[in-house]
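Quick notes on the structure that follows.
The values are calculated or read from the model by the stated rules, or taken from the named source; none is laboratory data. Note that the structure is predicted; figures quoted are calculated from it, not measured. Cβ sites come from the backbone with ideal geometry, for glycine too, and all protein chains shown count toward neighbours. Keep in mind that these areas ignore ligands, DNA and RNA; they rest on the heavy atoms of the full protein, side chains included. Shrake-Rupley method; radii C 1.70, N 1.55, O 1.52, S 1.80 Å.
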Amino acid sequence: MIELYVHAQNGADPKLVKASEESTITELLQIIATTGDLGGKVDEEIFVFTEDSDEPVEHHRKLSECEIRHRHHIHCHRCRKVQVSVFYNGEHHETFGPATTVKRVLKWAIKAFKLSPTDAADKILVLKGHGSEELPLDAHIGSFAQPHHCSVELSLTAPVEVQG
Amino acid sequence: MKPDQSLFMAHLEGAPFQSGVDAGKWGLPGAATDIVWPHPIVWVAADPKIMPQGRIFLCFTVDNYPVSAPTACPWDVGTNAKLGGHLYPRLTGKFQRVFRTDWNGGNSLYAPCDRMAMAGHEQWKQAYPYWWWTAEFTIVKYLGFVHLCLNPIRDENAAA
């Protein structure tokens, strides 16, 4: 048995799920469905991605065939792509796979807005209109996109200096 | 085992903490069973440009966790004592004051998720709502904040 970090559409934190390396993706989804994290039954409309991969794995494949190993991160989502809009002193858009880490999105945003190294150093991404929720760098962008709205709007921001 | 310790230990086994361990972001210097409650020691990875050793050890106080926020002190695991002030991380930018040696004797981090620093800084609740400790947080929130401070996104990484 191996343990996998499973990310889904319902929150930034992954869950640890046990499965056999010889399980198929479909069988893995059935295990995950018992936790209620899929938001419905297992069907072909649920895509499974390895971390930072833009292409989903095929449901009939075994985990070992997909090179999914112990403690790897996978993402289950009903969106094949997520449209990401980032607002700073303007707006930039890009499409990412749901399993794209927030860190990769942040790096893209830093380049898109042409930030200097100094300006880039302390930037974080927050949900636009919900400034109280910081997106952890290890989280997957798909975790912030609702299943029937394959998009997310973010603000690139710098916290004010920590001082008294 | 009291509820605060039981919950803390459960969070150490949870996916968010273990994910960070697997990613080399933080970890325990020994076994979880070695923790002297309520003072777990946890290391957090740091950019070698900030901490030449590549990590910092923090000695936490986490009684009444997670209702009460943790507090943490930079630690020397060799001497089992507070880290010398000259070895504290020297940060620049927005987080430059987090590892202060001129406040509270350097016994805690000047951070919005630190119990000692939160007292008297209620304005931080509005300024840092994502780091202002609440009972819904886990120790991973504190560790994530420290990791963010010690591992700034740099331009050379941006090209990756």
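Of the chymotrypsin sites (Phe, Trp or Tyr not before Pro) found in the stretch B:92-157, not one falls in a DSSP loop while having at most 11 other beta-carbon atoms within 10 Å.
Summed over both chains, the contact between B and A buries some 2700 Å² of accessible surface at a probe radius of 1.4 Å. When you work out D = kT/(6 pi eta Rh) for chain B at 37 °C and 0.692 mPa s, using the Kirkwood radius from C-alpha pairs as Rh and the Stokes-Einstein form, the result is 204 µm²/s.
Computed from backbone phi with θ = phi - 60° and the Karplus coefficients 6.51, -1.76 and 1.60, the 3J(HN,Hα) list for the stretch A:71-85 is 6, 6, 9, 10, 9, 10, 8, 8, 9, 7, 9, 10, 7, 9, 10 Hz; x is used for glycine and proline. With the full set of protein chains in place, find how many percent of the accessible area of the stretch A:66-121 is carbon and sulfur; take the probe as 1.4 Å. Answer for the stretch A:66-121: carbon and sulfur cover 46 percent of the accessible area.
In the stretch A:2-77 the Cα-Cα distances spread across 5 Å bins starting at 0 as 3, 17, 33, 30, 15, 2 percent of all pairs.
Tell me, which longest segment in chain B has none of the trypsin sites (Lys or Arg not before Pro) that fall in DSSP loops with at most 16 further Cβ atoms within 10 Å? With trypsin sites (Lys or Arg not before Pro) excluded where exposed in loops, chain B gives B:91-153 as its longest stretch.
In this simple spin-label approximation, residue A:148 and residue B:53 carry label points 7 Å from Cα along the Cα→Cβ vector, and these lie 5.4 nm apart. Normalised per residue, the accessible area of chain A is 46 Å², obtained with a 1.4 Å probe and no contribution from ligands, DNA or RNA. Applying 1/(1 + (r/R0)^6) with r as the Cβ-Cβ distance of residue B:22 and residue A:2 and R0 = 22 angstrom yields a FRET efficiency of 0.95. Between residue A:22 and residue A:160, the contour length at 0.36 nm per residue exceeds the Cα-Cα span by 44.7 nm.
Residues in the stretch A:61-66 carry Karplus couplings, in order, of 6, 7, 4, 4, 5, 8 Hz; the curve used is 6.51 cos²θ - 1.76 cosθ + 1.60 with θ = phi - 60°, and Gly or Pro positions show x. Just to be sure I understand the interface: list residues from the stretch A:125-164 that lose 30 Å² or more of accessible area between the chain on its own and the complete protein assembly, 1.4 Å probe. In the stretch A:125-164, residues shielded by partner chains: A:132, A:134, A:137, A:138, A:159, A:160, A:161, A:162, A:163, A:164. Past the 39 angstrom mark, what percentage of all C-alpha to C-alpha distances in the protein assembly as shown do you count? Result for the distance tail: 14 percent. Of the GluC sites (Glu not before Pro) found in the stretch A:52-124, the ones in coil according to DSSP and having at most 15 other Cβ atoms within 10 Å of their Cβ are A:58, A:65, A:67.
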